[in-house]
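Q: I have a structure here, written as structure tokens, and I will follow up with some questions on it.
The values are calculated or read from the model by the stated rules, or taken from the named source; none is laboratory data. Just so it is clear, the model here is predicted, and its values are computed rather than measured. Neighbour counts are summed over all protein chains in view; Cβ atoms, including those assigned to glycine, are modelled from backbone coordinates with ideal geometry.
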Amino acid sequence: MRTPPPPPLRIGEEYRGGGARAAPACARVLPVRRRWFYRSSGSALPGPAGRFALKPSLHQTERKDSPGPFPLRISLSMALCSPASTSSKPRTAPFPARLIPGSPYSVLVLQEGFSEELCDGSTRADGTVSLVLGPQLTLVDTGGPWSRERLLAGLAEQGVSPRDVRHVVCTHGHSDHVGNLNLFPEALLVVGTDVSRPDGRYLPTDLRRGLPYPLHAGHLEVLPTPGHTGNDVSLLVRGTSLGDVLVAGDLFEREGDEGEWQPLSEDPARQAGSRARALGVADLIVPGHGGPFQVFREGVGSRGEGLGGLYSPSQELQSCSASPNKNGDQEDEGFGN
């Protein structure tokens, strides 16, 4: 028998997941930039510069009881689609540079995301934007429309124009992550579990069944990481100098976000499983609203530990603009391969 959803939340109450209720605490019912987590006559209204205002009569959406299907075949990337490991939680540490070099792909944090609660009860936020430099130039998330000029300036600093970008992966559909999608008319678009070509054709994928979608086989894979929303995805970049990098969107708000991500989650139990699996396969994670962080698993050394446990900021390149292969040639077989 299916468990009914918890009763409606009132302004000033906190949802902790699993039907638990908290004493009134207005400061905690603030992450209303995630307006899709609630439904009723009330809503969170977007305002300028990434601010969102709260309206009353919010109701928590019904939780999904099942984490969904898991794949039948197993690989390293598909460990994110398998039941979470029961091993001890890995240690994490902030990564002190914007660039994670590698071959054939490097990852550059073009814009570090943030989220801050304001004294008037609103939240100002913008999502992390990452540029994956290599044979098939890929952008992960686009930030909010309020940061359009900042995004264009960041691309220009790398010698990149929007038309050079081969793939745009939006980890989910919130406005602080998809707000500049229209700047990339010639890119293959991955928005959550939807994949579409520049001519408007949607391509079949198995992302909703829990299987990865390759952008460049053996190097770039889109992985389903649901929980924050039902259709969240992350991009796995293999073989950097620090190992495998997971550009994860709001699967992680930031490093050390325990206790903060749950009120923002559409399905906290499902997201907890996705987070545990991510920590089990990634050597470095780029979260949705903070700087990148390294992952150190017990008995498994991170490639960064040879550098004293962290990558040295002095190793960050002066500019990545000389290395990216913009590869504007977009033949049919290039998509999803």
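Q: So how many residues does region 256-274 have that are outside any loop (DSSP other than H, G, I, E, B) and either closer than 23 Å to Val109 by Cβ or acidic (Asp, Glu) (or both)? Don't jump to the end; show me each part of the working.
A: Of the residues in region 256-274, the ones outside any loop (DSSP other than H, G, I, E, B) are 262-264, 268-274.
Remaining after also requiring either closer than 23 Å to Val109 by Cβ or acidic (Asp, Glu) (or both): 264, 271, 274.
Count: 3.
Q: Is there any pair linking a residue in region 182-205 that is at pLDDT 95 or above to one that is of a type in the set (Asp, Glu), with Cβ under 7 Å and at least six apart or on different chains, and which?
A: That search, which allows pairs on different chains as well, returns Gly192/Asp232; Pro198/Glu186; Tyr202/Asp194.
Q: Name every residue in region 254-267 that is crowded, with 19+ Cβ neighbours inside 10 Å and either over 17 Å from Glu117 (Cα atoms) or small (Gly, Ala, Ser) (or both), in order of residue number.
A: Ser265, Glu266, Asp267
Q: I would also like to ask the following. Scan region 279-286 and tell me whether some residue there is within 19 Å of His174 (Cα to Cα) and not basic (Lys, Arg). Spell out the reasoning first.
A: Start the filter on region 279-286 by keeping residues that are within 19 Å of His174 (Cα to Cα), which leaves 286.
Subset that is not basic (Lys, Arg): 286.
Yes, that holds for at least one residue.
Q: Of all the residues that make up region 233-255, how many are under 18 Å from Ala125 (Cα atoms) and part of a loop (DSSP other than H, G, I, E, B)?
A: Count: 6.
Q: Quick one: count up the residues across region 122-170 that are in contact with a Ser or Thr (Cβ under 6 Å, 6 or more places away or on another chain) and either polar (S, T, N, Q) or not in a loop (DSSP other than H, G, I, E, B) (or both).
A: The total comes to 7.
Q: Moving on to the next point. Within region 182-212, track down each residue that is buried (at least 18 other Cβ atoms within 10 Å of the Cβ) and part of a helix (DSSP H, G or I).
A: Once the filter is applied, which keeps residues that are buried (at least 18 other Cβ atoms within 10 Å of the Cβ) and part of a helix (DSSP H, G or I), region 182-212 yields Leu183, Leu207.
Q: OK, next. Is at least one residue of region 242-249 at pLDDT 95 or above, under 24 Å from Ser161 (Cβ atoms) and touching a Cys at 6+ places or on another chain (Cβ under 7 Å)?
A: No, every residue in region 242-249 fails to be at pLDDT 95 or above, under 24 Å from Ser161 (Cβ atoms) and touching a Cys at 6+ places or on another chain (Cβ under 7 Å).
Q: Looking at (1) in contact with a His (Cβ under 7 Å, 6 or more places away or on another chain); (2) surrounded by 19 or more Cβ atoms within 10 Å (Cβ to Cβ), find the lone condition where Arg238 falls short.
A: (2)
Q: Taking region 279-305, which residues are modelled with pLDDT under 95 and within 18 Å of Ser106 (Cβ to Cβ)?
A: Residues satisfying the conditions are Ser302, Arg303, Gly304.
Q: Take the residues in region 65-118 that are at pLDDT 75 or above and acidic (Asp, Glu); name whichever of them is farthest from Arg254 (Cα to Cα).
A: Selected residue: Glu117.
Q: If you don't mind, there's one more thing I want to ask. For region 171-181, which positions are in contact with a strand residue (DSSP E or B) (Cβ under 8 Å, 6 or more places away or on another chain) and assigned to a loop (DSSP other than H, G, I, E, B)? Show your work before the answer.
A: Of region 171-181, the ones in contact with a strand residue (DSSP E or B) (Cβ under 8 Å, 6 or more places away or on another chain) are 171-173, 175-178, 181.
Within region 171-181, Thr171, His172, Gly173 meet the criteria.
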